[in-house]
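To start, the structure under review is shown below, and the notes come after it.
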Amino acid sequence: MSEAKPRHFRWEELPWERVTGQLGRRMVTGDRAMIAQVLLEEGAVVPTHSHENEQFTYILEGALHFWLGEDGREEVVVRAGEILHIPSHVPHKAIALEKTLDLDIFCPPRTDWLDGTDAYFHDTDD
């Protein structure tokens, strides 16, 4: 059995991936979890989507307005210092109410982010 080696990262040394004109991200991935910083300009939209991954979104700066569930009826504004837990397969979308930096944790890692098949992001008009 091979032994996994610890790794050390500095956010400021990781490159930003420009996802849309208003949204960038950088991430660290392990075997069973992923952590990502997401930077959204005011008005940036994360279109409705769902995924198998359990998600925790911790807002470091700014605020995101989320619509949750099949019909988007459940709404919540998550502000700096707050965390939103999104269970697996729950549809959700968000808009940045101001410039926002969040920390997203996914389990398991988002393979669509890693292989570039996250079309719901790239098909936006911003």
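The values are calculated or read from the model by the stated rules, or taken from the named source; none is laboratory data. In this text the structure is predicted, and so the values were computed from the model without any measurement. Cβ atoms come from the backbone with ideal geometry, glycine included; neighbour counts cover every protein chain shown.
A compact table of results
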| item | result |
| --- | --- |
| When residues of the range 87-126 are limited to those that are of a type in the set (A, V, I, L, M, F, W, C), over 14 Å from VAL38 (Cα atoms) and not in a loop (DSSP other than H, G, I, E, B), the one modelled with the lowest pLDDT | ALA119 |
| Residue match in the range 82-95 (condition: of a type in the set (A, V, I, L, M), over 13 Å from the mean Cα position of the chain (by Cα) and surrounded by fewer than 17 Cβ atoms within 10 Å (Cβ to Cβ)) | yes |
| Top-ranked residue in the range 1-43 [being of a type in the set (Gly, Ala, Ser) and touching a residue at least 40 places away in the same chain (Cβ under 8 Å); ranked as farthest from ARG110 (Cα to Cα)] | GLY43 |
| Looking only at the range 22-44, and only at residues there that are among the small types (Gly, Ala, Ser) and closer than 18 Å to ASP102 by Cβ, the one that is farthest from the chain's Cα centre (by Cα) | GLY43 |
| Residue within the range 51-64 that is exposed (fewer than 15 other Cβ atoms within 10 Å of the Cβ), closer than 20 Å to ARG26 by Cα and of a type in the set (S, T, N, Q) present | no |
| Odd one out for PRO47, checked against (1) over 14 Å from the mean Cα position of the chain (by Cα); (2) in a strand (DSSP E or B); (3) not charged (D, E, K, R) | (1) |
| Scan of the range 1-44 for residues that are assigned to a helix (DSSP H, G or I) and surrounded by 14 or more Cβ atoms within 10 Å (Cβ to Cβ), ordered by number | none |
